[in-house]
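Trainee: Right, I'll just put the structure down here and ask away after.
The values are calculated or read from the model by the stated rules, or taken from the named source; none is laboratory data. Keep in mind that this is a model prediction, so the values were computed, not measured. FYI the Cβ positions are ideal-geometry reconstructions off the backbone, even for glycines, and counts take in every protein chain you see. Just the protein is used for accessible areas: all its heavy atoms, side chains included, with ligands, DNA and RNA removed. Shrake-Rupley method; radii C 1.70, N 1.55, O 1.52, S 1.80 Å.
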There are 2 protein chains.
Amino acid sequence: MLSRSAWRSGARLRKRRPETSTVGPPARSRPTLEAVATVAGVSRATVSRVINGDHRVRADAAASVRAAIDQLGYVPNQAARSLVTRRTDAVAVVVAEPQERVFIDPFFGTIFRGVGKALAEHGLQFVLLLLEGTTDRDSVVRYLAGGHVDGALIFSLKSDDALPAAVTGLDLPAVFSGRPDWPRHQAGDDVLFVNADNRGGGATAARHLQSLGRSKIATITGPMDQAASVDRLLGFRDELPHLADSLIVEADFSRHGAARAMHLLLERHPDLDAVFVASDLMAAAALDVLREQGRRVPDDVAVVGFDGIAAVAERTSPPLTTIHQDIEKMGRLMVDLLTQAITGPGEPRPESITIPTRLVRRLSA
Amino acid sequence: MLSRSAWRSGARLRKRRPETSTVGPPARSRPTLEAVATVAGVSRATVSRVINGDHRVRADAAASVRAAIDQLGYVPNQAARSLVTRRTDAVAVVVAEPQERVFIDPFFGTIFRGVGKALAEHGLQFVLLLLEGTTDRDSVVRYLAGGHVDGALIFSLKSDDALPAAVTGLDLPAVFSGRPDWPRHQAGDDVLFVNADNRGGGATAARHLQSLGRSKIATITGPMDQAASVDRLLGFRDELPHLADSLIVEADFSRHGAARAMHLLLERHPDLDAVFVASDLMAAAALDVLREQGRRVPDDVAVVGFDGIAAVAERTSPPLTTIHQDIEKMGRLMVDLLTQAITGPGEPRPESITIPTRLVRRLSA
DNA sequence: ATGAAAGCGCTAACAT
DNA sequence: ATGTTAGCGCTTTCAT
């Protein structure tokens with residue numbers, strides 16, 4: 001829900017330019033369509049046609065319009081345009097995660113590359129909205145509702161986040177990263193998402209470790225308030241139904257948290273011979289701890305990660321065996337879904353997508 | 001220069017909603033001011049006043065307006081508003097760097113935290129624009145020129161980037177990160193920037209290493225097409241005027257590049273006893289190489305980094321002695337400058353800022 | 001304190 | 001092929 005006073009967007013910053021300019025360059029206000037039309041000796045409509053690629057314009061008229069545009073340095077006013085077209089050609093990418101994670105976990109860098117490329121292909125501007133505190137949610141919802149963008153891609157992993165519900169109530173095309181599991185979500189809700197087969201991936205990890213003959217298998221999970229973490233653990237347990245609770249330690253997708261979890265596991269079970277870690281970044285940290293504690297990988301302890309980001313998995317020592325999901329592709333798919341949703345009713349409604357995961361074997365397991 | 005056809009922003013995505021709704025929820029178009037006014041039984045002007053915090057409205061009128069707003073779920077259309085106010089209450093943060101760097105080097109995460117907080121305090125929306133290839137420059141310039149934002153913060157470290165010149169030609173308030181050194185820049189240009197005293201920091205590093213009694217001092221620099229890298233080296237040489245070229249290796253601010261540079265230095269000068277590395281991230285990589293090559297730090301080789309990001313410098317082994325710049329503060333200062341510039345002519349013109357750097361001693365030197 | 005009315009700069013019928 | 005015209009949703013004089 002939008003807090004009422006939130007509209008007053010704080011200090012009004014720009015003072016109106018005094019008509020009688022004081023000092024400095026006389027605030028040449030940007031040229032308008034009208035100005036271009038006058039210079040080119042045609043009507044506004046013709047200029048508009050040239051700008052928007054309407055071919056029903058005589059070549060010489062078009063040429064003089066273009067000349068006028070260049071001469072004046074004219075750039076269309078987007079506010080005016082989108083007021084009538086109801087389109088902005090921009091898409092918001094909303095990330096409701098602490099900045100620490102966004103700028104450190106390569107997951108985001110990778111998926112944004114996919115998103116960015118796909119958006120560019122569609123001629124859409126990539127607008128990234130970062131949320132710092134809880135306060136920001138209002139301001140972002142206002143931004144989205146205010147018509148700045150044609151649609152939104154939402155990255156909000158915590159189940160109890162208020163943002164998803166706020167966004168779905170907005171009548172703005174939106175696609176989520178990961179399966180929805182926030183409180184007010186109903187199975188029937190027509191929420192679009194792109195998900196990886198986290199459960200299947202967790203199961204694959206467990207089977208692989210078992211096939212290696214490991215018997216004391218532990219796992220370091222992500223935060224249990226995120227669907228992806230829950231699903232990975234669920235799949236893992238599908239194959240290891242008798243897994244003791246003491247072999248499961250929850251961490252927070254950070255290096256630091258994973259290191260702590262690894263220490264804890266080693267303390268509890270000095271004889272463990274395998275660990276499934278819910279992200280590559282955390283697996284890298286676990287490897288460091290294992291080495292430091294004198295365990296050889298994979299001889300003493302086999303390690304399987306999750307993500308399959310080459311930049312991370314190939315550079316650990318030993319290189320990391322991991323459950324791979326095509327993250328960049330997930331980004332592209334989110335954009336595909338969104339553009340279909342924007343195209344709107346009348347077209348067949350696009351469907352959410354779950355992409356497969358697969359084991360990529362390197363040396364750690 | 002804006003390529004002419006660039007305005008045609010690609011596929012027109014949204015088909016106009018058929019007035020005669022087909023299936024699904026009838027595309028309830030967003031309520032307008034007019035609708036709120038009707039429900040509240042007042043005029044548009046009064047509703048507008050309530051929304052914008054104008055106090056010259058009777059309490060009961062204001063109350064019924066607010067009730068109508070809640071009932072209808074009304075949110076102002078920003079395009080319409082900014083068409084008349086000529087303000088958007090949004091600021092673009094433009095990053096002309098490869099995404100790899102943005103999402104890995106903690107410099108960006110840190111400075112964005114400062115920027116984000118300061119913008120929020122001013123009631124301004126943070127809009128991050130990421131540039132992938134060169135193609136994107138047009139699209140970003142169009143976005144900035146199109147009136148989507150009130151100002152821009154530009155992070156573009158490469159000297160030969162076309163973006164800064166394009167932006168300064170735009171009559172849009174802008175503040176740059178780092179001193180300007182792009183080709184068309186003239187000393188007289190009134191470009192606003194926030195810079196760290198990179199040259200002073202480089203000199204401090206050199207003096208510190210000398211004070212430790214080191215005599216074979218090398219350096220791993222950042223890319224020489226970036227002012228910050230050049231300045232750090234300049235300062236370093238100020239104190240070490242006879243530094244041999246073979247003791248200088250250029251890297252690219254990446255871990256990988258720094259590791260390669262460190263190997264190269266060790267090969268050339270197995271007897272080196274100190275290294276100044278132009279970023280903490282690179283210094284961390286250099287430490288790894290040194291350890292791996294059997295050098296003790298700081299006993300055999302002293303290492304000084306640059307940035308002073310605690311999250312990096314405190315977690316290396318040994319913890320990193322580094323030249324500290326208050327990155328988060330730089331972010332805040334950029335916003336301060338920008339808001340002053342947006343306030344516009346009439347006010348005293350703000351001045352660019354260079355913040356000091358200082359040595360923070362830990363164990364590596 | 002409130003309403004009427006005039007635009008902001010643009011696109012999209014509708015004429016011609 | 002081109003011009004005329006009517007808005008898009010809002011803020012802001014100017015009256016009252």
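Trainee: Relative contact order of chain B: what whole-number percent is it, with Cα pairs under 8 angstrom and at least 6 residues apart?
Mentor: Details: 627 pairs, mean separation 55.8, N = 365.
Relative contact order, chain B: 15 percent.
Trainee: How fast does region B:243-338 diffuse by Stokes-Einstein, in µm²/s, taking the Kirkwood radius from C-alpha pairs at 20 °C and 1.002 mPa s?
Mentor: Calculated translational D: 154 µm²/s.
Trainee: For A:LEU233, what charge total do you get from the other residues with a beta carbon under 12 Å from its beta carbon, if Lys and Arg give +1 and Asp and Glu give -1?
Mentor: -2
Trainee: Which cross-chain or sequence-distant (5 or more) residues have an amide H under 5 Å from the amide H of A:VAL93, H modelled 1.01 Å from N in plane?
Mentor: Distant-sequence amide H within range of A:VAL93: A:VAL127, A:LEU128, A:LEU129, A:LEU153.
Trainee: Here is a follow-up. Once both labels are modelled 7 Å past Cα along the beta-carbon direction, what's the A:LYS158-B:LYS117 spacing in nm?
Mentor: About 1.8 nm separates the two model spin labels.
Trainee: In addition: Of B:LEU243, B:GLN78, A:PHE253, whose Cα points farthest to the positive end of the dipole of the protein assembly as shown (charges on the beta-carbon: +1 Lys, Arg; -1 Asp, Glu; origin at the Cα centre)?
Mentor: After comparing all options, I get B:GLN78.
Trainee: Under a Cβ-only charge scheme (Lys and Arg +1, Asp and Glu -1), can you give me the dipole magnitude of region B:81-237 about the Cα centre, in debye to the nearest 20?
Mentor: Values: 17 positive and 18 negative charges, 116 e Å.
In total the dipole reaches around 560 debye.
Trainee: How about region A:291-330: which trypsin sites (Lys or Arg not before Pro) there lie in a loop by DSSP and see at most 10 other Cβ atoms within 10 Å?
Mentor: Working: sites: A:ARG291, A:ARG295, A:ARG296, A:ARG315, A:LYS329; in loops: A:ARG295, A:ARG296, A:ARG315.
Listed in order of number, the matching sites are A:ARG296.
Trainee: Using mean Cβ contacts within 10 Å as the protection proxy, how do B:274-283, B:54-63, B:232-241 order, highest first?
Mentor: On the way: B:274-283: 28.7, B:54-63: 11.6, B:232-241: 19.0.
Highest-to-lowest ranking by the protection proxy: B:274-283, B:232-241, B:54-63.
Trainee: Counting Lys and Arg as +1 and Asp and Glu as -1, each charge on the Cβ, what is the dipole of region B:198-324 about the Cα centre in debye, to the nearest 20?
Mentor: Numbers: 13 positive and 17 negative charges, 33 e Å.
It works out to roughly 160 debye.
Trainee: Could you pull the copy-to-copy label distances for B:ASP299, with points set 7 Å along Cα to Cβ, in nm to one decimal and sorted shortest first?
Mentor: Nearest first, the other copies' label points are 2.7 nm away.
Trainee: From other protein chains only, count the Cβ atoms within 10 Å of every residue's Cβ in A:104-115, then give the mean. All intermediate terms of the calculation are to be shown ahead of the outcome.
Mentor: Working: counts 5, 1, 3, 1, 2, 6, 3, 0, 5, 6, 0, 1.
Per residue, the number of nearby Cβ atoms from other chains is 3 on average.
Trainee: Pop out the carbon and sulfur fraction of the accessible area of the protein assembly as shown as a percent, whole number, probe 1.4 Å.
Mentor: Working: 16220 of 31580 Å².
Its accessible area is 51 percent carbon and sulfur atoms.
Trainee: Across the residues of A:64-76, average count of Cβ atoms on other protein chains within 10 Å? Before the final figure, lay out each step's value.
Mentor: Details: counts 0, 0, 1, 0, 0, 3, 3, 0, 0, 6, 3, 9, 5.
Per residue, the average neighbour count from other chains is 2.
Trainee: Next question. Place the label 7 angstrom along Cα→C-beta at B:LEU363 and in each other copy, then list the distances from the first to the rest in nm, shortest first.
Mentor: Relative to the other copies, B:LEU363 has label-point distances of 2.7 nm.
Trainee: Let me ask you something else. Which whole-angstrom value gives the distance between the alpha carbon centres of region A:243-286 and region A:41-82?
Mentor: 62 Å
Trainee: Chain pair A, B: how much accessible area is buried, both chains summed, with a 1.4 Å probe, in Å² to 100?
Mentor: 7200 Å²
Trainee: Please work out the Cα convex hull volume for chain A and give it in Å³ per residue. Walk me through the numbers before you get to the answer.
Mentor: Working: hull volume 71.5 nm³, N = 365.
Taking the convex hull of the Cα positions in chain A, it is 196 Å³ per residue.
Trainee: Mind checking the per residue accessible area of the protein assembly as shown for me, 1.4 Å probe, whole number of Å²?
Mentor: It amounts to 43 Å² per residue over the protein assembly as shown.
Trainee: What residue among A:LEU144, B:LEU266, B:PRO106 has its Cα farthest toward the positive end of the dipole of the protein assembly as shown, where the charges are +1 on Lys, Arg and -1 on Asp, Glu, each on the Cβ?
Mentor: Sorting the options by dipole projection puts first A:LEU144.
Trainee: Further question on the same structure: Binning at 20 angstrom from zero up to the longest distance, how are the C-alpha pair distances of the protein assembly as shown distributed in percent?
Mentor: Here the calculated profile for the protein assembly as shown is 16, 44, 33, 8, 0.
Trainee: What does the copy distance list look like for A:ALA45, label position 7 Å along Cα→Cβ, in nm and ordered from shortest?
Mentor: Ordered by increasing distance: 3.4 nm.
Trainee: Another question, if that's okay. How far is it, in nm, from the label point at A:THR85 to the one at B:HIS256 when both lie 7 Å from their Cα along the line to the Cβ?
Mentor: 3.9 nm
Trainee: Here's something else I'd like to know. Could you give the size of the charge dipole of chain B about its Cα centre, using +1 on the Cβ of each K and R and -1 on the Cβ of each D and E, expressed in debye and rounded to the nearest 20?
Mentor: On the way: 44 positive and 43 negative charges, 318 e Å.
Taking the Cα centre of chain B as origin, the dipole is about 1520 debye.
Trainee: Moving on to the next point. Is it possible to state the helix-based mean residue ellipticity at 222 nm for chain B, with each DSSP H run of 4+ residues giving -39500 (n - 2.57), the sum divided by total residues, to the nearest 500 deg cm²/dmol? What is it? Intermediate values should be presented prior to the final figure.
Mentor: Numbers: 14 runs with 151 residues, N = 365.
-12500 deg cm²/dmol, from helical runs alone.
Trainee: For region A:299-338 and region B:155-233, write down the distance between their C-alpha centroids in whole Å.
Mentor: 36 Å
Trainee: I want to check the label-to-label distance for A:ALA45 and A:LEU234. Put each point 7 Å from Cα in the C-beta direction and report it in nm to one decimal.
Mentor: Here the answer is 5.9 nm between the modelled labels.
Trainee: Here's something else I'd like to know. Report, as an integer, the average count of C-beta atoms from other chains found within 10 Å of each Cβ along B:90-100. Numbers along the way, then the final one.
Mentor: On the way: counts 5, 1, 1, 2, 0, 1, 0, 0, 1, 6, 5.
Average neighbour count from other chains, rounded to a whole number: 2.
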